[in-house]
1. Quick query: amide H of B:Ala207 versus all other amide H atoms, modeled in the peptide plane; which residues come in under 5 Å with a sequence gap of 5 or more or a different chain?
2. Which of the GluC sites (Glu not before Pro) found in region A:53-119 are in a DSSP loop and have at most 14 neighbouring Cβ atoms, other than their own, within 10 Å?
3. Could you calculate the FRET efficiency of B:Val144 with A:Arg232 from 1/(1 + (r/R0)^6), where r is the beta carbon distance between them and R0 is 51 Å, rounded to 0.05?
4. Tell me, what is the FRET efficiency for B:Ile356 and B:Asp165 to the nearest 0.05, using R0 = 60 angstrom and their Cβ-Cβ distance as r?
5. On a full-extension model of 0.36 nm per residue, what is the gain between A:Ala108 and A:Lys217, subtracting their alpha-carbon distance, rounded to one decimal in nm?
6. Residues of B:57-63, mean number of Cβ from any other protein chain within 10 Å of their own Cβ, rounded to a whole number?
7. Given points 7 Å out from each Cα along the Cα-Cβ axis, report the B:Thr158 to B:Glu381 separation in nanometres with one decimal.
8. Fewest Cβ neighbours within 10 Å first, please rank B:Ser206, B:Ser47, A:Ser74, B:Ser212 accordingly.
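What follows is calculated from the coordinates using simple rules that are stated; it is not laboratory data. Since we're looking at a predicted model, the values are computed, not measured. Glycine gets a Cβ as well: all are built from the backbone with ideal geometry, and neighbour counts include every protein chain shown.
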Amino acid sequence: MAFYLDHAATTKPCEQAIEAITACLREHYGNPSSLHRVGLDAQLAMDGARAVVAGAIGAQPESILFTSGATESSNLALRGAASAYGRHRPHIVTSAVEHASVRETITALEAQGFSITRILPDENGVFHAADFLDAVTDKTCLISMMLVENETGRILPVAETFRAVKRRYPHVITHCDIVQGFLKLPVKASALHADLMSMSAHKIHGPKGVGALYTAKGIRLIPVTTGGKQERGLRPGTESVPLICGFGAAVQYMQPTIDARFAQTQDLRRKLLAALSSMDGITLNSEPEGSPYIVNFSVHGIRSEIMLHYLEQREIYVSSGSACSKGARSGVLSAYRIPEKQADCAIRCSFSEETTPEAIEALLCGIREGQAQLIHQNMH
Amino acid sequence: MKEVILVKFGEMALKGQNRYSFEDILLKQIKYRLRPLGRFIYTSAQSTIYIEPEEEGTDLDEAVSRLRKVFGIATICRACVCEKDFADMQKKAVAYLKETFEDAQSFKVEAKRADKAFPMKSPEICRELGGTISEAFPHLHVDVHEPDVTVVAEVRDTNAYIHADKLKGAGGLPLGSSGKALLLLSGGIDSPVAGYMMAKRGIQVSAIHFVSPPYTSDRARLKVEQLCQKMTDYCGDVNFYCVPFTKIQEELRRRCPEEYFTILMRRLMMLIAQEIAAKEEALALITGESVGQVASQTLHAMVCTDAVCHVPVFRPLIGMDKTEIIEIARRIDTFDISIQPYEDCCTVFTPRHPKIRPQLAAIEAAQAAGDFEEMIREAVEGTECKRFRVVF
């Protein structure tokens, strides 16, 4: 039996999403911008999905823009806000553990002349709202923080930080990459004090190739691409109606069970953490109070990739870090001051409601046997 | 720390013996809006409603943002509940308002001692509480004229309350306290604002819209339905009537002089609206007209339009400039919907040179050229009704 434990990389689309996509391809083939009924039909299908996605974060439908995924959402959010608000305030604050889509975009803005402050966690790997707040100045236009860090599952103090920043510097635009928290933790735009939030469909049993950007009322963005007036002119190009409908269906499928899934995965994660900490030669890279969906640990002396392929032989699929970095060493773990050798041995397991106690058992068993069978490398 | 929301009445508090009927309606409106957020205990005393969540963790931010859209409320504030004991008030003022104080430079304290049995008098409460705050937050200075934060300590019958600055409510009178009226909703910027303004005076608003397919599209109707949905934020549930108007417009175009087209159309709309209003038990009509904005909104034109009306026609925007109207439309979030570029029935067949100062006799003669009675009956019969509810 196969055990897929890489849900932070992507998830299997749910039946509802697949059905919505095929139904839409067959029936709502119109261009939502066409004036006739066929076009209107496609627009209504899309509006339905928009309302569902908006509802899931307690927002109004008009605050949701559909994009091709979280990477595009974050690009539009950061580049769009930086060009709209950054002329007289050329400073951006962010965390040192952002996903590549935010990190690299901010690096690109740095090359354009923005000055960047990247906040590190303390020596225990914990982020403090005060550190972010202290970095913000009158010259700051933008702060970007992720909600759930995707490699170890740490939860950043986004609400606390943004609230404090907005109180003291109301002009600062707040952006949050909520990809790993969306429909996993209860997320509300207003409670997070976020002006912009990036979301992705394929992490919540939706299709790949579609995501959304939440924009609070009154936030002005300069579009990154030019073209037609779709999505308020901010994201030109004919909308991918089928994928958007699939996104809506996935949200509808996932939304009612946020609390139940949270409790269920938390239970599994606790058991896994307890078992791992009782084993020799294992160091946890995650924190007990992180997101219940992600566990990261290092198996001493066995490089991530070797363990990954060993587990793969047993049909257990895990990740060696963020799938997006394709095996490159993670800068995120070093931000937590995790030693290089330990980071090289890091394994990330990530769960969904489909993850069973048997999968956890199989994983533990696989690691134990791997430790016994595989040739250890010198850790020092 | 136990938190409550204090809601203070606006001008309702000035009412005489019927004040309680207004209060009851307001309370009903508040309960309707807050019900989806959880259970609350409501207590009403001294022109204030105390709203206390029964469970911890109730989303009070959301509750406040909903309350800000309820008419009849002058101010809203979140307050911390204290024992009627000065030591407890001191302790809680410092803890509850910690963040507010940290971000401020100056403050003052106001005291309201509704319970005259409380041993300390108001100036004494201000002085002592001010001293406590100054000691706890040495960076603050007292400024009684333009403070960053005004701390209010209220000593009431059963408890004392500490709160900082209050938020402005929506004002006006509670919805439904002034009867019902029917709004002519075109899809433009003005009519939703007109509806909002009458709702603010306690009028329950229903809406009527005229469609002329194929001259107007499904999208135009959809846009108006979106407007109705948006209006429910402030206006509560809205009954929406959609009248088929194609035949009448075609007949008008065929038989009547072009320069009178718009005024005749408006007269016929009024006739239909009055019939619907009677069915809906609405006592008046509401339009978004403003003097001189377009040819059909000159004083002369309005006289000609009103000649067919036997119920009052309210025009709350009559003296407002477009910029003032747009400002409100933006505030109530209808602007972005209104500017979607679809033809509505008012822009179909617009005359090239409309009469700006029409004479009633000439208009009546022009209207007699067509046979509209039967068509009006048909239009009223073909009217579809839909109810839009407040979304939570």
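1. Hits under the 5 Å cutoff: B:Leu183, B:Asn239, B:Phe240, B:Tyr241.
2. Working: sites: A:Glu62, A:Glu72, A:Glu98, A:Glu104, A:Glu110; in loops: A:Glu98.
Nothing satisfies the criteria.
3. That gives a FRET efficiency of 0.65.
4. E(calc), rounded to 0.05, equals 0.75.
5. 36.6 nm
6. Mean inter-chain Cβ contacts per residue within 10 Å come to 2.
7. The two pseudo-label positions are separated by 6.0 nm.
8. Details: B:Ser206 26, B:Ser47 15, A:Ser74 32, B:Ser212 22.
Result, fewest neighbours first: B:Ser47, B:Ser212, B:Ser206, A:Ser74.
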